[in-house]
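The values are calculated or read from the model by the stated rules, or taken from the named source; none is laboratory data. Quantities reported herein were computed from a predicted structural model and do not represent experimental measurements. Neighbour counts run over all protein chains shown; Cβ positions are idealised from the backbone, glycine included.
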Amino acid sequence: MKIEKIMVIGSGQMGSGIAQVLAEAGYTVYVNDIKEEFVEKGIAKIHAWLDKAVARGRRTQEVADQVRNNLIPSTDYQDAKDAQLVIEAATENRDIKLQIFKQLAEITSEGTILATNTSSLSITEIAAATSRPEKVIGMHFFNPVPVMKLVEINRGIQTDDATAEAIKELSEKIGKTSIDIKDSPGFAVNRILIPMINEAIFALGEGVATAEEIDEAMKLGANHPMGPLALADYIGLDTCLAIMLVLYNGFNDSKYRPAPLLKKYVEAGWLGKKTNRGFYSY
Ligand code: 3HC
């Protein structure tokens, strides 16, 4: 089945980035969220980026207009009826995702692929919530989506080969490199990256160095483009904590226990860039 129309569920940081790369590659994209204002905000972010790209001569006005035309606002899953693929990038909450997938499987046609951008939850469990688990797969993007080259393709135990092949092909068409990863807590990148961030938060909590010094150390000493604490703010501290808990519970291993300071910041509502306060102020 040729993929032409795609619904992206969730128009936050990840969802709007995913919608942007798909629309730029020529796909018709339903940008879906629970409220119109969320959808508008997600699309406005893409429009602002396109305006900047035109002003800098990186895109022609014509191309930018075409990308805009490829984006269709949606607040109704029924719009996915004629889509060949749905990519869910909603809140990282198990129960919400299970509910979304159950509904999507009922609304969409038999062959529609249902992908999730989950950063750590079990694809196998999400697939099992649907009536056609073989069409469910993980398609994990990285933030900022238009810049980061990787897509982790995470297959549930039930995912069929045709579904994995179609997602691999799509990833190539949108200029990404895909890697097949076994369905395992945190997959590959987050299993390695988020415990490193968590360790930086332990170090900060123990007074090893200041946030600025820890970040500078990792930039200069390990050549990371961004220090771990700035990256935590960028990803969102609630997301970092949620991923640590998935690792902790998924492996039943205390080495993944979340840093107490991470928990405290999340309790305080200091979630990073999105709340203008995390390890840094914005
Ligand atoms: N659309 C298109 N292009 C964009 C963009 C967007 N939304 N946002 C940025 N860009 C482009 C800019 O236009 C610029 O392009 P140019 O070089 O051609 O001008 C380029 O990206 C770099 O942008 P900036 O100059 O603004 O910023 P930096 O050079 O400082 O890079 C960064 C910023 C790419 C965020 C870099 O610091 C970085 O790579 N940081 C690490 C990010 C990372 O680790 N991400 C993974 C997080 S984990 C994750 O996402 C998984 C999840 O499950 C938690």
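Details
- The range 222-267, residues that are away from the ligand (no atom under 16 Å from the Cβ), without any contact (Cβ under 8 Å) to a residue 24 or more places away in the chain and more than 16 Å from Gly186 (Cβ to Cβ): Lys263, Lys264, Glu267
For (1) under 15 Å from Ser119 (Cβ atoms); (2) of a type outside the set (Ser, Thr, Tyr), each residue gets a yes or a no:
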site: Thr239; (1), (2): yes, no
site: Ile243; (1), (2): yes, yes
site: Gly250; (1), (2): yes, yes
site: Pro260; (1), (2): no, yes
site: Tyr265; (1), (2): no, no
site: Ala268; (1), (2): no, yes
site: Asn276; (1), (2): no, yes
site: Ser281; (1), (2): no, no
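- Some residue of the range 128-144 being of a type in the set (A, V, I, L, M), in contact with a Gly (Cβ under 7 Å, 6 or more places away or on another chain) and within 15 Å of the ligand (Cβ to nearest atom): no
- For Gln158, the conditions (1) away from the ligand (no atom under 12 Å from the Cβ); (2) in contact (Cβ under 8 Å) with a residue 40 or more places away in the chain; (3) of a type outside the set (D, E, K, R) are fulfilled apart from (2).
- The set of residues in the range 65-92 that are of a type in the set (A, V, I, L, M, F, W, C) and either more than 13 Å from Gln20 (Cα to Cα) or buried (at least 19 other Cβ atoms within 10 Å of the Cβ) (or both) comprises Val67, Leu71, Ala80, Ala83, Leu85, Val86, Ile87, Ala89, Ala90.
- Scope the range 117-151; condition in a helix (DSSP H, G or I) and under 20 Å from Thr91 (Cα atoms); matching residues: Ile123, Thr124, Glu125, Ile126, Ala127, Ala128
- Scanning the range 24-75 for residues that are away from the ligand (no atom under 16 Å from the Cβ) and assigned to a strand (DSSP E or B) turns up Thr28, Tyr30, Asn32, Ile72, Pro73, Ser74.
- Test: residue in the range 186-208 that is closer than 24 Å to Asp79 by Cα, within 19 Å of the chain's Cα centre (by Cα), aromatic (Phe, Trp, Tyr) and within 16 Å of the ligand (Cβ to nearest atom): no
- Given (1) part of a loop (DSSP other than H, G, I, E, B); (2) polar (S, T, N, Q); (3) closer than 25 Å to Asp33 by Cβ, index of the condition Asn154 fails: (1)
- As for the range 86-102, it holds no residue that is more than 16 Å from the ligand (Cβ to nearest atom), assigned to a loop (DSSP other than H, G, I, E, B) and among the polar types (S, T, N, Q).
- Some residue of the range 48-65 being within 19 Å of the chain's Cα centre (by Cα), at pLDDT 95 or above and farther than 19 Å from Phe101 by Cβ: yes
- Residue check, Lys182 within 19 Å of Gly15 (Cα to Cα), within 18 Å of the chain's Cα centre (by Cα) and basic (Lys, Arg): no
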